[in-house]
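One structure is given below, encoded as structure tokens.
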Amino acid sequence: MVNRFTHLSSSTSLMSTAIQIALIIACCFTSLLVVTQVKAQENSHSPVGTWVDTAKESKVELYLCADKLCGKVVWLKEPNDKNGKPLTDLLNQSTALKQRPILGMKFLLNVDQKNERKWGGGEIYDAESGSSYKAKIELQSPNVLKISGCLGFFCDGAEWHRSKQ
């Protein structure tokens, strides 16, 4: 009789251990889902990431530099000129910078967060005009960003879309 109870007790113990392991795995999985959802919500109000212009001719990466927002060009549809050489910043007002490559160029510097969806101040450089402007950025949705350069009260900008790659 003792052997039967020992076997039954051992069987129940194994089943109990299996249930405990299953519960631990379920708890870990649930925790992982919660953390992932929280991170997604945090990032939904952040411009940090890679963005593509509406013409899909360039991509930029926005990133934090200290407690400010900065950005650089990370991809160009046409990265080279007609001679096959990398595009350079030919229109820059500074002679010393006219030969710097557009690809990899920092174009957004020291932009402050104003509220949950807006950033401003700092500087944005426009390689198409060779000029720098006061930056203004608004996250219109988690995947749409309006980025503008301002001269006084006049601002002009474009929408960018979060890159999927």
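The values are calculated or read from the model by the stated rules, or taken from the named source; none is laboratory data. In this text, all values refer to a predicted model and were calculated from it rather than measured experimentally. So basically every Cβ, Gly included, is an ideal-geometry build from the backbone, and we count neighbours across all protein chains shown.
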| task | Answer yes or no as to whether residue 164 is out of contact with any Pro (no Cβ under 6 Å at 6 or more places or on another chain) and buried (at least 17 other Cβ atoms within 10 Å of the Cβ). | result | no
| said: Only one of 139, 76, 103, 87 is in contact with a Leu (Cβ under 8 Å, 6 or more places away or on another chain), crowded, with 17+ Cβ neighbours inside 10 Å and not hydroxyl-bearing (Ser, Thr, Tyr). Can you tell me which? | reply: 139
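Evaluate the stretch 58-65: report whether one residue or more is assigned to a loop (DSSP other than H, G, I, E, B), assigned by TED's automatic domain parsing to the domain that holds residue 158 and surrounded by fewer than 15 Cβ atoms within 10 Å (Cβ to Cβ).
no
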